[in-house]
Amino acid sequence: MTLGFPTLLISSLKNHDDDLENDGLSLTKEQISWISSLNLICVPLGCIFSGSFATLIGRRRSMQLVNVPIFISWIIFFYSQHVYQLYIALAISGFTGGMLEAPVLTYVAEITVPKIRGLLAATGSTCIILGIFSQFIMITFLNWRIITLVSSAVPIIAIILLFFVPESPHWLIMKKRDEDAKESMMWLRGWETSFDNVRKEYEELQENLALARNEKPSFKNNVQEFGRRTFILPYAICSLSFFVGHFSGMTTLQTYSVMIFTDLNAPMDKRLATSFLGALELLGTLICVIFVNFVGKRKLAFVSTIGCGICFLLTAIYSIVINNMEVPASNFNLTNLELENSTGVHESLLESEVLIHNETMFGLELNSTIIAYNQYYWMPLTFLLLSALLSHTGIRLLPWMLVGEIFPAKIRGVASGLSGGTGYIFGFLANKLFLSMITLFSLSGTFIIYSCVSFIGCTILFFFLPETENRTLQEIENHFAGKTKLPRRLIKKSSIVPDTFPKDFNVKNWESNDKFVKYLEHVKNQRVVKTNAEIIKCNECDFDTRL
């Protein structure tokens, strides 16, 4: 919700809407650029402290405490009388948003069973889009100050609801609170009343954490991990994905949507169009969550990136063509034409044959021209809304799905935070530089740049992005270590070799995981115990292997 709020501020204060409620508060061009990006640059700062904070006091308690400054930021927004107060509120919400990264993602990973872990991890991005969409919906009906009051209730509700869920069993065991950990796991596995039903999982977790506690971490070894290809290659892929996701146009469209739709003369209310934008973002996110397991991350990323690039390119071409249709106003009879005060657009545009265009959305040019009306006025709005749908089916969610699985286990927490922080820095730069790019290249030129970023980024990802869907974390780590190579296509039934088998474990004629399961069951039933040198032939499943 805090990520979506700058869009409301910019659209309201730039156009001097609701002067009574704003008390004269308005934004200049430079202030607009800071409003759009200040919270994003503060998020990485929060990410730095997020992991240690969650480890110190617990995942659940961290989420509760971080909601307190988020509530305070909404109250500051409501009482703001000066721009610097808006800056303070944005900085607080951005920093605390970063503080939420580790406890939320870690909590979800630690409390869920493997078969639904990926799905629930992906819903994090869905919730972000849902929060942004809620802001877009409310601006259609409410004043921005009233929206801050409504939004301030959400962190309070979150704090209360978190009292009704248990702390992570993982963290409780690490803190030697075994009885609390047992109760937590029983609750999380369906309100079990008998510990025997979760005993096996609990004992395995205890064993794994015991091994981790016995390890003596070395600062030197930890630093060396960041110089190896197992970090450099995944970090480069994540960073590229974040860069393409932000500089392919969607970040600035989401933030400056009202102003962009105004400049392109969208054939509907600009705030209503922004609501449609948020709805399509949410729909695209749901499509990604549902279909990623069936088609894989690569295909979704490529369709998303190419489609988004095409949409922005066509919008840029439309803008160039329309600008070339401008003719001096003196050549037309302007009698009986009425202008809309805020945008300079004729009120009855759809019925008229001419459009008077007095100013651009960003105030970079002031002129008086006539643009001949054409029947394709709906095209830019359609293309931009379609880009919102396409970008969120792949490239916008891709890096967030990758950060939790492509880094080695030893540095996964720190590396994921570093990658997430890098992504927010790119988001800050995309919003901060947008108005400058408009000045230098015009809106159409900026959209062409976004389109080029999409096409070039898609080409690079095609050669370097492996298909990680349905792959174990160890398989992914081996790929980036250069030991094995993951295919570029989705393998729906992956060949999973348990970590407990010897390193020389060899499988021949392995066609499916089902056959492997049958083999293990056969060996177990026969009570067969063999040495490393012996070969077992399983007639039931037609399977050869060396144990």
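Here are a few things to note about the model shown:
- Filter pass, K432 being open to solvent by 60 Å² or more (accessible area, probe 1.4 Å), touching a helix residue (DSSP H, G or I) at 6+ places or on another chain (Cβ under 7 Å) and either under 30 Å from A54 (Cβ atoms) or modelled with pLDDT of 75 or more (or both): no
- Flag for C458 being buried (at least 21 other Cβ atoms within 10 Å of the Cβ) and either at negative phi or touching a residue at least 24 places away in the same chain (Cβ under 8 Å) (or both): yes
- Failed item in (1) farther than 30 Å from E469 by Cβ; (2) modelled with pLDDT under 85, with P103 passing the rest: (1)
- Residue within the range 133-140 that is assigned to a helix (DSSP H, G or I), among the β-branched types (V, I, T), under 24 Å from the mean Cα position of the chain (by Cα) and under 22 Å from L65 (Cα atoms) present: no
- Extreme residue, modelled with the lowest pLDDT, among residues of the range 164-216 that are of a type in the set (S, T, Y) and closer than 17 Å to V113 by Cα: Y202
- Positions within the range 29-83 being farther than 30 Å from M174 by Cβ, open to solvent by 30 Å² or more (accessible area, probe 1.4 Å) and part of a helix (DSSP H, G or I), in sequence order: K29, E30, Q31, W34, I41, I72, I75, I76, F78, Y79
- Yes/no for I132 being open to solvent by less than 10 Å² (accessible area, probe 1.4 Å) and closer than 30 Å to L390 by Cα: yes
- Some residue of the range 108-119 being outside any helix (DSSP H, G or I), at positive phi and either of a type outside the set (S, T, N, Q) or open to solvent by less than 40 Å² (accessible area, probe 1.4 Å) (or both): no
- Exactly one residue among L402, L398, L366 is more than 17 Å from P44 (Cβ to Cβ) and at pLDDT below 80, and that residue is L366.
- Residue in the range 159-178 that is more than 28 Å from L402 (Cα to Cα), surrounded by 20 or more Cβ atoms within 10 Å (Cβ to Cβ) and of a type in the set (G, A, S) present: no
- Long-range neighbours under 7 Å by Cβ, at least six apart or interchain, first residue farther than 18 Å from E477 by Cβ and at pLDDT 90 or above within the range 228-243, second assigned to a helix (DSSP H, G or I) and open to solvent by 60 Å² or more (accessible area, probe 1.4 Å): L240/I460
- Residue match in the range 370-379 (condition: assigned to a helix (DSSP H, G or I), crowded, with 21+ Cβ neighbours inside 10 Å and at pLDDT 80 or above): no
- Residue match in the range 144-156 (condition: touching an Asp or Glu at 6+ places or on another chain (Cβ under 7 Å), in contact (Cβ under 8 Å) with a residue 12 or more places away in the chain, under 30 Å from T96 (Cβ atoms) and in a helix (DSSP H, G or I)): yes
Let's see how each residue does on (1) hydroxyl-bearing (S, T, Y); (2) within 19 Å of the chain's Cα centre (by Cα):
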| position | (1), (2) |
| --- | --- |
| T28 | yes, no |
| L38 | no, yes |
| F49 | no, no |
| L56 | no, no |
| F71 | no, no |
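The values are calculated or read from the model by the stated rules, or taken from the named source; none is laboratory data. What you are looking at is a predicted structure, and each value in this text was computed from that prediction instead of being measured. Glycine also receives a Cβ, built like all others from the backbone with ideal geometry; neighbour counts cover every protein chain displayed. Note: accessible area is taken over every heavy atom of the protein model, side chains too, but ligands, DNA and RNA are not part of it. Shrake-Rupley method; radii C 1.70, N 1.55, O 1.52, S 1.80 Å.
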